[in-house]
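Below: the structure, in structure tokens.
What follows is calculated from the coordinates using simple rules that are stated; it is not laboratory data. Just so it is clear, the structure is predicted and the values come from calculations on it, not from any experiment. Quick reminder, even Gly has a Cβ in these numbers, built from the backbone with ideal geometry, and neighbours come from all protein chains shown.
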Amino acid sequence: MPARIEVNEGDLRAASGKALRAILVVGIVVGVTLLGYFVTPRDPSGNLLFLSPRVAQVASYQHHVQQWAREMRDTEGQMQSLLSAQTADLYAQDSALQDINRNVSSLSDEVDRTSAPDSLAGLHDLMAKAAEAHQQASSALGQWLGAPSPETQAAARNAIEAASGILEQVYTNPWVTVEREATPEDTNGNQ
């Protein structure tokens with residue numbers, strides 16, 4: 001007579017419950033590990049950064065500064081283009097100035113709203129100064145568009161150059177790395 005194996009239904013349920021719990025635990029561990037891998041910030045070379053909350057706050061602020069600096073540089077380019085444009089289309093100039101004013105105002109609000117870690121208070125002050133200088137440049141550009149003259153054009157050009165000079169201090173700040181895009185002056189060797 002062949003051997004007969006008897007399995008108690010209670011034992012079978014207990015064994016399948018244990019297996020299901022083990023699969024569930026392994027799934028949760030794998031899921032949390034994958035989630036951590038995909039949401040963990042990375043350094044410029046792509047390596048994962050494991051940050052304390054304080055270090056994460058510094059890295060986040062540095063990221064904001066990089067973004068603001070790029071946007072301010074783009075706005076400077078728009079201001080320069082508008083200043084050098086030889087057009088009599090007041091509507092197009094007004095539309096361009098409105099875009100510039102909107103960008104500058106938005107950047108200024110973001111800089112003011114974003115709190116900086118205590119260790120980067122100086123950088124925050126420099127960003128606020130750069131945002132204010134860009135607002136002044138935008139205002140001077142508006143003055144030139146409203147009353148075009150050699151004096152208002154020179155004032156607008158000087159205000160844009162002053163804003164650019166303050167932004168250059170951000171680019172050279174040792175606490176933040178901002179990849180600087182080449183400007184036409186850089187490529188011509190005039191700077």
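If R0 is 22 Å, what FRET efficiency do you get for S139 and A92 from their C-beta distance, rounded to 0.05? So, using R0 = 22 Å, E works out to roughly 0.65.
When peptides 109-116, 93-100 are sorted by average Cβ neighbour count within 10 Å, with the highest value leading, the order is 93-100, 109-116. I need the shape label for the stretch 51-137. Rule: rounded when a/c is under 1.5, else prolate if a/b > b/c, else oblate, with a, b, c from the alpha carbon gyration tensor. Note, shape of the stretch 51-137 comes out prolate. Three semi-axes describe the equivalent ellipsoid of the stretch 84-123; taken as square roots of 5 times the Cα gyration tensor eigenvalues and ordered largest first, they are 35, 10, 4 Å.
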